[in-house]
Amino acid sequence: MSTAAECFARIDALDGRLHAFLHVDRAARARVAQGPLAGMPVAVKDLIHVEGMPTTAGSKILEGFMPPFSATVVERLQAAGAVIVGKTNLDEFGMGSSTENSAYGASKNPYDLTRTPGGSSGGSAAAVAAGLCDAALGTDTGGSIRLPAAFCNQVGLRPTYGRVPRWGVTAFASSLDQVGPMARTVDVCEQVFQVIAGPDERDATSARVPAPRRVDVGLQGLRIGLPREYFGKGLDPEVEAAVRAAAKFYQAQGAKLVEVSLPTTQHALAIYYLLAPSEASSNLARYDGVRFGYRAPGVKGLREMYDQSRARGFGPEVKRRIMLGTFALSAGYYDAYYAKAQRVRTLVRRDFDEALKAADVLLTPVSPVPAFKLGEVTTPMALYLMDVFTIPSALAGLPGLSVPGGFTAGGLPIGLQLLGRPFAEGELFSVARAYEQAHPWHERRPNL
Ligand code: GLN
């Protein structure tokens, strides 16, 4: 574990090149001396409120906004002894896969500064990978914890929907958003998860289930499912080889590999890009130039103030989503798009229910390719495709863990994804731990 002082020194030395942070609180101290995370320096994605630090959501529209309270997850970290060192960069409101949609500029991948750390929680992944903190919080709507974890050789958990409270977390798509931890090792990731998970009266969507515990799942006889649709065309051969090698490892330890099928996979991306923008168009209606942050100067009248504040405050991807969502929800199109997408979502969930009867956990790639070069992926659609393997389980509300799975010949990290049944995070951590013990990829730190 690092001390906060060591982290601040590393931030001063390195963050000029990485741009992982949007705000650093050098005066931060642990609020309590003892606890499961005593003294641990933790960074928080800048979509999550920390009292005393600005929340920008990576957007110009929240410029100057100071949240009057901390998110439940932040209160829990502080009560466990963590030191909140600062707020990390992200794609605006979490919309993106590279941090290139941040109004404050992209973060860099510590393993290759010409490449993206992934997104949208890219600042969090880059900060942990570079040793600027020991753990970080991200949010995952369709892949935003798992993708950057994979691109930066980190462990990242998207918890079961409802497992971690969202009170104090800026909403993107409320039927999908989840907060989760990122860390260099499975153990640290699980420790942070255990601190932040659990019911919260202030979040009506938080699930009333018992607190998570560490479990040890034997690999002997464990059924590991490989979804047929997640392999083959479009998948980078080095990524595929790493996932197949991990499957062989589990088999050698006594697990049984089973092929499963998730036939709705091909529709999941399309329905995500109806449902998530629809919810976003509603959630983002509150940024009107009156209540929070930025107000366009030099305008005449109320209408122009609304129009100009939103026109100048939001970036192009956020505007695209608001327009898409508003269209999908409008009278005459609602049934054809939004309602239909909801019905397909039920089928996606059913696919997983079936697959997770035949298998105990699923093993897949996190992303079709390793970290790409900043500026290289230019069309929105090509970026949306980064999440083909993370979006379906998010639609189904299931937990997903991204674990370091090796490196390409060119030195880029590769992520493995483990998917499980609702509230089976402990099982995922256990299965990941067995792999990590035999493959300590986390020891390969970036050369900075
Ligand atoms: N990249 C996906 C999107 O742009 C997922 C983002 C996320 O999980 N926040 O919507």
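The values are calculated or read from the model by the stated rules, or taken from the named source; none is laboratory data. Small disclaimer: the values here were computed from a predicted structure and weren't measured. With ideal geometry, Cβ positions are generated from the backbone for all residues, glycine too; neighbour counts draw on all protein chains shown. We work out accessible area using only protein heavy atoms, side chains counted, and drop any ligands, DNA or RNA first. Shrake-Rupley method; radii C 1.70, N 1.55, O 1.52, S 1.80 Å.
Of the DSSP beta bridges with both residues in segment 2-132, give the percent that are antiparallel, rounding to the nearest 5.
Counting DSSP beta bridges with both partners in segment 2-132, the antiparallel share is about 45 percent.
With all protein chains kept in place, the per residue accessible area of segment 151-240 amounts to 38 square angstrom at a probe of 1.4 angstrom. Calculated FRET efficiency, residue 438 and residue 409, Cβ-Cβ r, R0 25 Å, to nearest 0.05? Efficiency for this residue pair is about 0.75.
Let me check against my output: what whole-number percent is the relative contact order of segment 120-221, with C-alpha pairs under 8 Å and at least 6 apart? Present the calculation step by step, with values, prior to reporting the outcome.
Working: 183 pairs, mean separation 26.7, N = 102.
After rounding, I find 26 percent.
Indicate the gyration tensor shape class of segment 1-143 (rounded, prolate or oblate), computed on the Cα atoms with a ≥ b ≥ c the square roots of the eigenvalues: a/c under 1.5 is rounded; otherwise a/b larger than b/c is prolate and the rest oblate.
Details: a/c = 1.76, a/b = 1.26, b/c = 1.40.
In terms of gyration-tensor shape, oblate.
Multiplying the residue separation of residue 240 and residue 201 by 0.36 nm and removing their Cα-Cα distance gives an extension gain of 9.8 nm. In terms of its C-alpha gyration tensor, segment 377-424 comes out oblate, because a/c is 1.5 or above while a/b does not outweigh b/c.
Considering only C-alpha atoms, what is the centroid distance from segment 182-250 to segment 119-162, in Å? Measuring centre to centre over Cα atoms gives 13 Å. Cross-link partners of residue 256 among aspartates and glutamates, defined as those whose alpha carbon lies under 13 angstrom from its own and excluding same-chain residues fewer than eight positions apart: 360.
Would you please give the FRET efficiency between residue 347 and residue 379, computed as 1/(1 + (r/R0)^6) with r the Cβ-Cβ distance and R0 = 22 Å, to the nearest 0.05? Intermediate results must be reported in sequence, preceding the final value.
Values: r = 28 Å, r/R0 = 1.27.
Taking R0 as 22 Å, the efficiency between residue 347 and residue 379 is 0.20.
Where does each of 403-410, 371-378 land if you order them by average Cβ count within 10 Å, highest first? Please report the intermediate quantities before stating the final value.
Details: 403-410: 19.4, 371-378: 16.0.
Ranked by mean Cβ neighbours within 10 Å, highest first: 403-410, 371-378.
Relative contact order of the chain: 19 percent, from C-alpha pairs under 8 Å at least 6 residues apart in sequence. Surface composition of the chain: carbon and sulfur atoms hold 54% of the protein heavy-atom accessible area at a 1.4 Å probe.
Would segment 89-229 count as rounded, prolate or oblate if I go by the C-alpha gyration tensor, calling it rounded below 1.5 in a/c and otherwise prolate when a/b exceeds b/c, oblate otherwise? All intermediate terms of the calculation are to be shown ahead of the outcome.
On the way: a/c = 1.69, a/b = 1.23, b/c = 1.37.
Since a/c reaches 1.5 but b/c is at least a/b, the shape of segment 89-229 is classed as oblate.
Expressed as a fraction of 2.2 N^0.38 Å, the rule-of-thumb size for a compact globular protein of N residues, what is the C-alpha radius of gyration of segment 336-448? Numbers along the way, then the final one.
Details: Rg = 16.5 Å, N = 113, 2.2 N^0.38 = 13.3 Å.
The reported ratio for this selection is 1.24.
A simple charge model with +1 on the Cβ of Lys and Arg, -1 on the Cβ of Asp and Glu and nothing else charged puts the dipole of the chain at about 420 debye relative to its Cα centre.
For residue 22, the amide hydrogen comes within under 5 Å of the amide hydrogens of 87, 88, 89, counting only partners 5 or more places away or on other chains and with H modelled in the peptide plane.
Which residue, 400, 143, 234, tops the fluctuation ranking in a GNM of the chain built on C-alpha contacts under 10 Å? Comparing 400, 143, 234 in the GNM, the peak value goes to 234. The phi torsions of segment 311-320, fed into the Karplus equation with coefficients 6.51, -1.76 and 1.60 and a -60° offset, translate into couplings of 5, 8, x, 8, x, x, 5, 5, 5, 4 Hz, rounded to whole numbers, with Gly and Pro shown as x. Placing a label point 7 Å from the Cα of residue 270 along the Cα-to-Cβ line, the residues of segment 360-381 whose backbone N sits under 18 Å from it are 381. Across segment 20-174, the mean sequence separation of Cα contacts (distance under 8 Å, 6 or more residues apart), normalised by length, yields a relative contact order of 26 percent.
So what does the Cα-only Debye profile of segment 358-397 read at q = 0.35 Å⁻¹, as log10 I(q)/I(0), no solvent term? Scattering profile of segment 358-397, log10 relative to I(0): -1.23.
What percent antiparallel are the DSSP beta bridges of the chain, to the nearest 5?
Rounded to the nearest five, the antiparallel share is 65 percent.
Among 153, 283, 109, the largest mean-square fluctuation in a Gaussian network model of the chain, built with springs joining Cα atoms closer than 10 Å, belongs to 283. Segment 3-41 and segment 73-108 have Cα centres separated by 13 Å. Net charge of the neighbourhood of residue 162, taken over other residues with C-beta under 15 Å away and scored Lys/Arg +1, Asp/Glu -1, is +1.
Pop the C-beta distance of residue 358 and residue 174 into the FRET formula with R0 = 25 Å and round what comes out to the nearest 0.05. Before the final figure, lay out the partial values.
Values: r = 31 Å, r/R0 = 1.26.
About 0.20, to the nearest 0.05.
Between 336, 150, 183, the Gaussian network model of the chain with springs among Cα atoms under 10 angstrom shows the greatest mean-square fluctuation at 336. Once the Cα-Cα distance is subtracted from the 0.36 nm per residue extended length, the residue 291 to residue 448 segment shows a gain of 52.3 nm.
Counting Lys and Arg as +1 and Asp and Glu as -1, each charge on the Cβ, what is the dipole of segment 28-111 about the Cα centre in debye, to the nearest 20?
Values: 7 positive and 7 negative charges, 61 e Å.
The dipole of segment 28-111 has a size of about 300 debye.
Along the positive direction of the dipole of segment 275-331 (beta-carbon charges: Lys, Arg +1; Asp, Glu -1; about the Cα centre), which of 308, 282, 331 reaches farthest? Working it through, the farthest residue towards the positive pole turns out to be 308.
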